[in-house]
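Presented below is the structure to which this report refers.
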Amino acid sequence: MKEMPKQKVSMQVLKPSNIEHLQKLANLDAVCEEKGWTLGKFRSELTHPKTTGVGAFDEHMNLWGYAIFDYRENQIDIIALRVDPYKRRSGVGTKLMEYLIKAIYPLEGKGSIVVDVCELNEVAWNFLRSFSRSNGVDTKVRMIKDNPYDRYRFTFKEPAKEEACAESRI
């Protein structure tokens, strides 16, 4: 797939009370997923006390991608990470992951970012592999057997500052 030129996007925290944000999330999710989340599902997720969302918006306030995640002590669990299919390979997914890394790594390298990926989701697999390799992030992958699909758990950890960057295991 051809790489798009990098675009300037700004990150904004998504508010469950902002109906415009919720509608943009539902619209983007419908494009990305066959059975996307509804506006009500987004509102429900974003009102949970430990759940936060961040959106990547262009200068015209078009939503290019988003991440919804739970923050627990020293770990971020990514619930959903989506990028508009027409904006992929433009750096938006990387910017979202970098936002999450900046949120967790002030914890002096003791934090981690966890995302579960269905083995059939090639887009996510390719993105996570590329991200870990190009950003020097130590990645551990383990299989999770469950129904209806087997999933893999990616755990991203910042390498210790005194150690050389660990080779990605994926």
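Numbers at a glance
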read-out: Pair list, Cβ < 8 Å and 6+ apart or interchain, from the stretch 117-131 residues that are farther than 14 Å from Met97 by Cα to residues that are in a helix (DSSP H, G or I) and not polar (S, T, N, Q); value: Val117/Ala124; Val117/Trp125; Val117/Leu128; Cys118/Ala124; Glu119/Trp125
read-out: Qualifying position, being out of contact with any Ser or Thr (no Cβ under 8 Å at 6 or more places or on another chain) and at pLDDT below 65, among Lys145, Lys102; value: Lys145
read-out: Filter result (surrounded by fewer than 20 Cβ atoms within 10 Å (Cβ to Cβ) and either under 13 Å from Val123 (Cα atoms) or of a type in the set (Asp, Glu) (or both)) within the stretch 89-102; value: Arg89, Glu98
read-out: Inter-residue pairs, beta-carbon under 6 Å, first in contact (Cβ under 8 Å) with a residue 40 or more places away in the chain and in the stretch 85-96, second among the basic types (Lys, Arg) and surrounded by fewer than 21 Cβ atoms within 10 Å (Cβ to Cβ), 6+ apart; value: Gly91/Lys6
read-out: Selection count, the stretch 45-97, where residues are of a type in the set (Lys, Arg) and assigned to a loop (DSSP other than H, G, I, E, B); value: 3
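The values are calculated or read from the model by the stated rules, or taken from the named source; none is laboratory data. Because the structure is a prediction, the values reported are computed rather than measured. Quick reminder, even Gly has a Cβ in these numbers, built from the backbone with ideal geometry, and neighbours come from all protein chains shown.
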